[in-house]
1. Give just the number: which of (1) open to solvent by 50 Å² or more (accessible area, probe 1.4 Å); (2) within 14 Å of A:Gly105 (Cα to Cα) does A:Ser59 not satisfy?
2. Working only within the range B:92-127, note down all residues that are closer than 22 Å to B:Gly446 by Cβ and open to solvent by 30 Å² or more (accessible area, probe 1.4 Å).
3. Filtering the range A:78-89 down to residues that are facing chain B (nearest Cβ under 9 Å) and either open to solvent by 10 Å² or more (accessible area, probe 1.4 Å) or among the acidic types (Asp, Glu) (or both), which residue is nearest to the chain's Cα centre (by Cα)?
4. Are there any pairs, at least 6 apart or on different chains, whose C-beta atoms fall under 7 Å, with the first in the range A:135-148 and at positive phi and at the interface with chain B (Cβ under 7 Å from one of its Cβ atoms) and the second surrounded by 24 or more Cβ atoms within 10 Å (Cβ to Cβ) and of a type outside the set (Val, Ile, Thr), and if so, which?
5. For B:Asp117, indicate whether it is out of contact with any Phe, Trp or Tyr (no Cβ under 7 Å at 6 or more places or on another chain) and not assigned by TED's automatic domain parsing to the domain that holds B:Leu314.
6. Taking the stated definitions as given, is A:Val92 buried (at least 24 other Cβ atoms within 10 Å of the Cβ), within 11 Å of chain B (Cβ to nearest Cβ) and β-branched (Val, Ile, Thr)?
7. Could you check B:Val316 against (1) away from chain A (no Cβ under 14 Å); (2) open to solvent by 10 Å² or more (accessible area, probe 1.4 Å) and say which number it fails?
8. Taking the stated definitions as given, is A:Arg55 within 23 Å of A:Ala128 (Cβ to Cβ) and in contact (Cβ under 8 Å) with a residue 24 or more places away in the chain?
Amino acid sequence: MAMIRFTVNGEPRSLETEPDRPLLEVLREDLGLTGTKYGCGEGQCRACTVLLEGRPIVSCLTPVQAAAGKKILTIEALAAGGPLHRVQQAFVDEGAMQCGYCTPGMVLRAAALLDQFPKPTEVQILAALDGSLCRCCGYPRILAAVRRAAGMTTEAAYAAR
Amino acid sequence: MQPGDNFEPERFELREGPLYHFEVDRREFFCALGAGVLITCLSSDAVAQTTSPQTANPRTIDARIHVADDGTVTVFSGKVEEGQGARTELAMAAAEELGVPLERVRVQLADTSLTPDDGLTAGSRTTPGTIPAVRQAAAVARGYLDAERKAKTGAPVKAPADWRLLGTGKWRTDARDIVTGAHKYPSDVAREGMLYGCVLRPPAYGATLESVDLDAARKLAGVVAVKDGDFAGCAARTSYAARKAVEALAAGARWQTAPRSSSATLFSDLREKAREKVAPLAGSTHAATFHTAYVQHAPMEPRAAVAEWQDGKLTVWTGTSNPFSVRDALVQAFHITKDKVRVIVPDFGGGCGGKHTGEAAIEAARLAKEAGKPVKVHWTRAEEFMWAYFRPAALIDASAVLNRDGVLEAWQFTNYNSGGAALQTPYRIARKQEKYVACDAPLRQGSYRALASTANNFAREAFMDELAAAAGRDPLDFRMAHLDNERIRAVLTAATERFGWARRRKEKRAPNRGIGVACGMEKNSVVAACVEIEVDPRTLTPRLLEIVEAFECGAILNPANTRSQVEGCILMGLGAALREEIQFENGRLTNGRFSAYKVTRLHDVPPKMEILLLDRRNQPSAGAGETPILAVGPAMANAMFEVTGKRVRSMPLR
């Protein structure tokens, strides 16, 4: 057992736990932040995406001790009670969800992309989201949502491919 | 009667138990809802009643609508929401008939204590079965609430020409909760004092537990361990601790195993284990054998359940498309009566036919009973791959008599193992023999999006292309020459015209590129697709560059959702066409993980994808979540022939 201190969604947290527990399980089970989803446990679907120091990571493969002393942002805090983040709003407007289980991970990946590149190219969008799985296969609507959030028209996106 | 009108439920979906006329305590209702009017409406499920005699199970749909004094409307349905759009569609249907805004309608789904038993959510039945019943009940409610008319019966539903809400595009009504992570999926449900469970799994299919030392787990702090028959598992304060406890159990567990078959010999095994032999077609001029692999749904949310016992009553939150059947399974497992079990199904993370069962519910309930506390069981991806069920592999023999005039005179088509859906050819052929033959299957198999119709349509449409080539005809012309069904003709025409089929057939294509066409009919909806693909000359694997798919499911209730379903079907079907194939060896999966079993990814999405929805307001509405999966595989197989000159007779395509 170890005492782990980190900042989650702007709040300092400390908890005593096994240092090799997946960050995903600590978030969901100890902190009640169930917006972060378990999908595969091998970093292959990215449903468990959270932002660690602003960068997207797969929390299923991240031992909690690797997050010690760092800032974590989960889907619950992206809008934080205020208006939706532009990526979230675009997902709502474009109907970019069927079952919606992959949505939090997708939204965080896209939000991190727009933080890094406010005007991403189509190629950058595809690269940022390619590893995120959606088994409803709602990819066309997800792409449309990210393009909308990036202020890109669908015509421009197709022209770039 | 047209082929396909004679709807036959999938044999794997015949899990519905007897029809229960669920009795509800009216006081419970009004406690929950406040004062108002409750309308219950029984209407027959017309299509289900046309099933063949041996499967006939005429049932009624029990629609309930509550209109509170403040005007809030609540629709009760035993159907579930797993991403297919039932919740929004039911709300739209009620709002339309009541003439109230969509926002005023709440939909209570799948709670065995509150909703009627609408059976399994499967087979594209919600749209043609439940929606008409809800519309009827809402129409009656409208009549009842209309003080002028006081008409309590016989209120007519609105004609499609008068629709204001139905027929317009609406997304999920709870989208905000989804994008903020606030929606609670079954795996997110938490109860006071809840423990996390983990189940000891056999090392291989068919292995039985001989002995296990529970003390190895119990000596770990805060661990509850139980063995009951073949079941053994642990519960602890965290998933981590529960896993460690089960690892301790596994270290000392003894299993009895027996040799099992492997995927390398799958298709010869199926032929050997067929329960019936079929004599070859006399005078056949052409014959081919087709294979489709075992594939898995792999929904994003693996099976999950939270179980809580209180005063001998059991409540379970779980993701299943079969809530009442799961309740009955719990009744049976725990030797209690129905009134002691409540199954609640929160909107869950995908199923596509893969969650008709309630394994996690039973496991969580067994552990919770032992622990005396609520327990959550959330399967790992590895468990989901190995211990859920699979879309059955298919071995299909097709043969035909093609005469000198290029006319099909006889047709024989036998599906081994995967099922009878869409077995019947829609093409005009004088002599036909179409048969489904069951086999002793090596894996646990069950429903899947469109189930057997995918394999049957793949084999039929690929074989039709071979016959067209043998007759020296264009694949489209050959199909049309044998096709009377106006609905299939219409989607074929729409897709091929939009794609520019006739022109592009004559054009010279870039190297390694080919085009193909396929169509299909199932569950009273029709589909056709044209594709252009590129074949990697080294690996001979295809990439989809363009698809134009036309789909028609009668009067479209929610075109936005219909389009999403069509897109999702195409891309899910693409995964099975490109790569998906469950591999197993001696009772163990060898690729049961996302790193080895490659489902459709974003980079597989074709650069050009066009969906044409044919809206037929004068036709009854059919479901849209299954049939659109049928065309992409065979269309790509046919396009590969154009490139390589070799017929592709298996899915994955190779």
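The values are calculated or read from the model by the stated rules, or taken from the named source; none is laboratory data. Fair warning: this is a prediction, and the values are worked out from it, not measured in the lab. Neighbour counts run over all protein chains shown; Cβ positions are idealised from the backbone, glycine included. The protein model used for the area step is the full one, side chains on, heavy atoms only, and it has no ligands, DNA or RNA in it. Shrake-Rupley method; radii C 1.70, N 1.55, O 1.52, S 1.80 Å.
1. Single failed check for A:Ser59: (1).
2. Matches in the range B:92-127: B:Arg125 only.
3. A:Leu78
4. A:Cys137/B:Gly568; A:Cys137/B:Leu571; A:Cys137/B:Met572
5. Numbers: out of contact with any Phe, Trp or Tyr (no Cβ under 7 Å at 6 or more places or on another chain): no; not assigned by TED's automatic domain parsing to the domain that holds B:Leu314: yes.
In short, no.
6. Working: buried (at least 24 other Cβ atoms within 10 Å of the Cβ): no; within 11 Å of chain B (Cβ to nearest Cβ): yes; β-branched (Val, Ile, Thr): yes.
When the stated conditions are applied, A:Val92 does not pass them.
7. (2)
8. Here the answer is yes, as A:Arg55 does meet what is asked.
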